[in-house]
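I have placed the structure first, in the form of structure tokens, so that the comments after it can refer back to it.
No lab work stands behind these numbers, since they all come straight from the coordinates. Note that the structure is a prediction, hence the values are computed from the model and not measured.
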């Protein structure tokens, strides 16, 4: 996380964009890990699957934003 924040500052990524995307993705992934941990710890399938779904969704959002930003830079 430190390296990600340092590089974003060094590369002059717009702060508001970075903050919104970072909070959304880290929130999805963090909640997903908590739900998956509770589900696996209690032996319940629904929270475990929901948690794994949120982690995957967070990773997909990160990929989509990266692809979108790469497309914007290629056009500009």
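Points worth noting:
- Helix 45-75 and the longest principal axis of the Cα set of the chain meet at an angle near 10°.
- Three semi-axes describe the equivalent ellipsoid of the chain; taken as square roots of 5 times the Cα gyration tensor eigenvalues and ordered largest first, they are 31, 14, 8 Å.
- Using a cutoff of 8 angstrom between alpha carbon atoms and counting only pairs six or more residues apart, the relative contact order for the chain works out to 26 percent.
- Subtracting the Cα-Cα distance of residue 60 and residue 12 from their residue separation scaled by 0.36 nm leaves 14.9 nm.
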